[in-house]
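**Student:** Please read through the structure below; I'll follow up with questions.
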Amino acid sequence: MVIPTGGIPWLTIVLILPLLGVAAVLLAHESLSRPVALVVSVLTLLVSLPLWFGFNNATAGMQFVEKHLWIDSPAIHYALGVDGISMPLVLLTTFLTPLCILVSWTSIQSRMKEFLISLLVMETATIGVFAALDFVLFYVFWETMLIPMYLLIGVWGGPNRVYAAIKFFLYTLAGSILLLVAILVLFFEGGRTFDILALTHASYAPSLQSLLFWAFFAAFAVKVPMFPFHTWLPDAHVEAPTAGSIILASVLLKMGTYGFLRFSLPMLPDASVAFTPVIMTLSVIAIIYGAYMALAQTDMKKLIAYSSVSHMGFVTLGIFALNAQGIEGAVLQMINHGITTGALFMCVGIIYERTHSRQIADNGGLANVMPKYATFFVIFALSSIGLPGMNSFVGEFFVLIGTFAWSKLTGTLAALGIILAAVYMLYLVQRMIYG
């Protein structure tokens, strides 16, 4: 048993607090359910801060590790830990959950307790995915995440919510089945263990690596989502409530790219190198296709949804550039995209709550009637473009450096996506804020 620094199991506390919040919401009076959920989510954020400030950036390995035997045979452990990839994603999750509760304070009126419980269960499942160091534990959290997200879309979504929820569920479930197959193959071929760190250091035959790579790819590409597995995302975003869109864009999509970084690259290095041209091609297509589709949208949410397809293409591009600059840029882009796109969906939700329309043409001239709102919207839009001085610039810049090192043609095509991003975001700003 490994005890975290200071003897306090910080990760377990962060993981358990939202579940305690579920119990508190169930027991609370209907009128107190919102404040109770908000207090629990803020407390979870505060408890995650010692992890962030106590994290040693000079160490490449796992930190705050906890490991307890869960099941004797086969040996399955309750094992948690974070490194430089997962730590910021855990903090991003704990930061966004209270914001999701706040933006839903007045917009969600029916089945409020169930809505808050779904958000809190989603928080625990997402943190678990990013912190799990045992494959069975990882898979449990990975699958658990499906249920609250399905409910958020299917119960509290728009007119076509059932179609969007089922489409999301089926796409993700199909990928998850192949993920389970890959985990079982790794168990039998990697020394009959589910320990992620041990399996990372095992060696596998090239033919087996290829099969495992594509099994992982099916699960993670759907989550990102990569082209051509992206078709569930616009429907899910349009129909989801504001809180659902924020969690979906800011956190859930990052689970796919996290999977590539945590499993595909370190466990299957030969296959990752061999299939890099395929992934890079799909990433460039996603960048340009997502940007062109965003240009054609009249719905604010759909425009931002397609921009996510384009921006996540930069993340996969950086990951499979297979160099330090590309991967560092990809991780930065994951976090910055989560902040910026979450903020944009929040802005759209604020307007929709007042006008009950997401059409760009119906929401023009906001600078005259909501000047403070307009200022924030412009800032978030410029951040989404990747303007120098904004948070998204550094990540995209590093991704492009890494991509140019791999292929100048690929880097040039990816840079075209940034130009297109400026076109569709400035079009959105011009029509909404000044139109």
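Since every read-out is calculated from the coordinates, none of them should be taken as a lab result. None of these values were measured; they are calculated from a predicted model. For neighbour counting, all protein chains shown are included, and Cβ atoms are generated from backbone atoms with ideal geometry for every residue, glycine included.
**Student:** By average Cβ neighbour count within 10 Å, what is the ranking of 28-39, 156-167 from highest down? Please list the in-between numbers first.
**Tutor:** Working: 28-39: 15.5, 156-167: 17.7.
Descending packing order for the listed peptides: 156-167, 28-39.
**Student:** Same structure again: Per residue, what volume in Å³ does the convex hull of the Cα atoms of the range 275-435 enclose?
**Tutor:** Here the figure is 88 Å³ per residue.
**Student:** How compact and how long is the range 1-150, expressed as Rg and Dmax of its alpha-carbon atoms in Å?
**Tutor:** Answer for the range 1-150, Rg first and Dmax second: 15.9, 49 Å.
**Student:** Which whole-Hz couplings ³J(HN,Hα) result when phi for each residue of the range 84-96 is put into the Karplus expression 6.51 cos²θ - 1.76 cosθ + 1.60, θ = phi - 60°, listed in order with x for Gly and Pro?
**Tutor:** Working through the residues one at a time gives x, 8, 7, 4, x, 6, 5, 5, 4, 5, 5, 6, 7 Hz.
**Student:** For every other residue with a beta carbon closer than 15 angstrom to the beta carbon of residue 139, add +1 if it is Lys or Arg and -1 if Asp or Glu, then tell me the sum.
**Tutor:** Net charge around residue 139: -1.
**Student:** What shape does the chain take by its C-alpha gyration tensor, where a ≥ b ≥ c are the square roots of the eigenvalues and a/c under 1.5 counts as rounded, a/b above b/c as prolate, and the rest as oblate?
**Tutor:** Working: a/c = 1.70, a/b = 1.17, b/c = 1.45.
Oblate.
**Student:** Using a Gaussian network for the chain with springs between C-alpha atoms less than 10 Å apart, which of these wobbles most: 264, 307, 110?
**Tutor:** Checking each option, the largest mean-square fluctuation is seen for 110.
**Student:** Let me ask something additional. Rank these for me by crowding, 105, 10, going from fewest to most other beta carbons within 10 Å.
**Tutor:** Least crowded to most crowded, the residues run 105, 10.
**Student:** Sum up the charges of everything whose Cβ sits under 10 Å from the Cβ of residue 240, counting Lys and Arg as +1 and Asp and Glu as -1, but leave residue 240 out.
**Tutor:** Local net charge: 0.
**Student:** Here's something else I'd like to know. Convex hull over the Cα atoms of the range 21-85, averaged projected area in nm²?
**Tutor:** Values: hull surface 26.5 nm².
About 6.6 nm², averaged over all directions.
**Student:** Might you report the magnitude of the Cβ-based charge dipole of the chain about its Cα centre, with Lys and Arg at +1 and Asp and Glu at -1, to the nearest 20 debye? Walk me through the numbers before you get to the answer.
**Tutor:** Numbers: 17 positive and 18 negative charges, 161 e Å.
About 780 debye.
**Student:** Another question, if that's okay. Which of 68, 311, 337 moves most in a GNM of the chain, Cα contacts under 10 Å?
**Tutor:** 68
**Student:** Go from 0 up to the bin containing the longest alpha carbon distance in the range 309-376, width 10 Å each, and give me the % of pairs per bin.
**Tutor:** 19, 35, 22, 19, 6
**Student:** Can you give the FRET efficiency to the nearest 0.05 for residue 71 and residue 211, using r as the Cβ-Cβ distance and R₀ = 25 Å?
**Tutor:** 0.40
**Student:** Check cross-link reach from residue 67 to the lysines: straight Cα distance under 30 Å, and skip same-chain residues fewer than eight apart.
**Tutor:** In chain and number order, the partners are 223, 254.
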